[in-house]
Amino acid sequence: MCRHLGYVGSETAVGELLTRGPHSLRTQAWAPREMRGGGTINADGFGVAWWRVVEATSSAAADTAAVEAAANDRAGAQDLTAGRGDTSGRGGVPDSGAGAGLVVSRYRNSDPIWTDPAVEEVLPQLKSGAVLASIRSATVGMPVERAACAPFVGGRWAFSHNGVVPQWRRVVTAVSADLDTAATQWGATRLFQTAHLLEAESATDSAALWVLLGDLLDSAGPGGFVASPGAALALLATTVLQHVADARLNFLLGDGEQLWATTVHHALSALVTEEFAILSSEPYDDDPRWQPIPDRCVITARPGHLSVEPLARAGAPAGAP
Ligand code: GLN
């Protein structure tokens with residue numbers, strides 16, 4: 001179910017990452033190797049987010065994003081959302097601090113990735129030092145529409161979910177309540193409100209999880225409710241699993257400088273060198289440096305750094321015994 005890929009490193013062509021290698025993300029759309037029972041092909045759309053460095057003021061970021069959006073409209077892009085100028089979804093998610101001046105944009109299409117000429121004609125013209133891409137196989141019962149295609153973006157974050165939350169409406173609501181209880185005990189009132197779930201861009205498990213994750217990221221960092229973005233992913237995954245043990249929760253999160261991910265059921269591999277870091281559902285080539293990531297882990301990756309930690313250990317809120 002779904003495949004995703006994140007890249008952080010030296011500047012590269014955004015579109016090229018979608019077609020790189022004999023087993024590229026685009027090829028994985030129609031010929032995936034490791035679906036692990038979660039569907040057969042990924043034909044329900046795709047999306048890609050990339051980051052650009054702009055002046056570290058929100059008005060400059062919004063201006064740049066507006067110019068970029070206009071340029072891409074002319075180029076025929078079907079959806080391009082600028083993080084800071086965005087008024088939809090999690091557009092209000094604040095910056096995480098370090099590296100202010102990065103702004104995220106995205107392109108999405110609900111058609112199969114192999115049918116979209118923009119992948120070869122437009123997206124390779126964009127250059128970025130960070131990319132997060134996803135191809136979708138819609139879970140049965142969930143809408144096939146552009147708004148359901150990851151990445152979901154807000155602030156400087158981009159997020160993808162490969163998997164499924166059975167009975168997601170009930171479970172996500174219960175998870176929101178659990179997180180609110182834990183945050184209140186920790187000392188932050190009304191961090192999580194069920195009403196926030198109405199902000200979900202689409203009626204899917206992934207879009208709803210992104211709303212909860214946005215609230216967690218609001219309070220991530222030293223002294224926060226969760227210590228880091230990786231801890232936020234881990235806490236979200238472990239809280240979901242408490243309600244539905246067979247949930248599949250491969251998350252992928254980027255902020256333009258680092259990648260964080262979880263593995264719960266689905267495949268993930270890492271290719272990390274001093275120059276770049278890539279996390280991908282499936283290796284796109286036979287480079288011997290690809291490392292398969294074990295199940296039930298939380299991962300942090302950036303050039304020259306890969307950490308893999310058991311999910312259970314990382315999934316506790318700050319201050320928990
Ligand atoms: N459940 C999510 C959706 O329908 C993710 C699907 C997947 O991983 N195949 O969008």
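The values are calculated or read from the model by the stated rules, or taken from the named source; none is laboratory data. Only a predicted model underlies this, so the values are computations on that prediction, with no experimental measurement involved. Ideal geometry is used to build each Cβ from the backbone, glycine not excepted, and the neighbour counts take in all protein chains shown. When the accessible area is computed, the model is the full protein with side chains, heavy atoms only, and any ligands, DNA or RNA have been set aside. Shrake-Rupley method; radii C 1.70, N 1.55, O 1.52, S 1.80 Å.
Here are a few things to note about the model shown:
- What the stretch 183-321 shows is 38 Å² of accessible area per residue, with the surface traced by a 1.4 Å probe over protein heavy atoms.
- Here the Karplus relation 6.51 cos²θ - 1.76 cosθ + 1.60, evaluated at θ = phi - 60°, turns the backbone of the stretch 267-273 into coupling constants of 6, 7, 10, 10, 10, 10, 10 Hz, with x for every Gly and Pro.
- Viscosity 1.002 mPa s, temperature 20 °C, Stokes-Einstein D of the stretch 166-281 from Kirkwood C-alpha radius, µm²/s: 144
- Residue separation of Ala312 and Ala245 scaled by 0.36 nm, minus their Cα-Cα distance, works out to 22.8 nm of gained length.
- Using a cutoff of 8 angstrom between alpha carbon atoms and counting only pairs six or more residues apart, the relative contact order for the stretch 96-181 works out to 32 percent.
- Here the stretch 204-259 and the stretch 146-170 have alpha carbon centers that stand 11 Å from each other.
- Ligands, DNA and RNA left out, the 1.4 Å accessible surface of the stretch 114-249 is 53% carbon and sulfur atoms.
- Inter-label distance, Thr115 to Thr184: 4.8 nm, where each label sits 7 Å from its Cα along the C-beta direction.
- Accessible area per residue, Å², the stretch 101-143 with all protein chains present, probe 1.4 Å: 34
- Phi angles across the stretch 186-199 convert, under the Karplus curve 6.51 cos²θ - 1.76 cosθ + 1.60 with θ = phi - 60°, into 3J(HN,Hα) values of 6, x, 10, 8, 6, 5, 10, 10, 4, 4, 4, 5, 5, 6 Hz, Gly and Pro given as x.
- Residue list for the stretch 243-283, given a label point 7 angstrom along the Cα-to-Cβ vector of Gln167 and an amide N cut-off under 12 Å: 243-247
- For Leu102, the residues whose amide H sits under 5 Å from its own are Val54, ignoring neighbours fewer than 5 places away on the same chain, with H placed 1.01 Å from N.
- Bridges between two residues of the stretch 206-321, per DSSP, are antiparallel at a rate of about 95%.
- Computed E for Lys127/His305 - FRET, C-beta separation, R0 30 angstrom, nearest 0.05: 0.85
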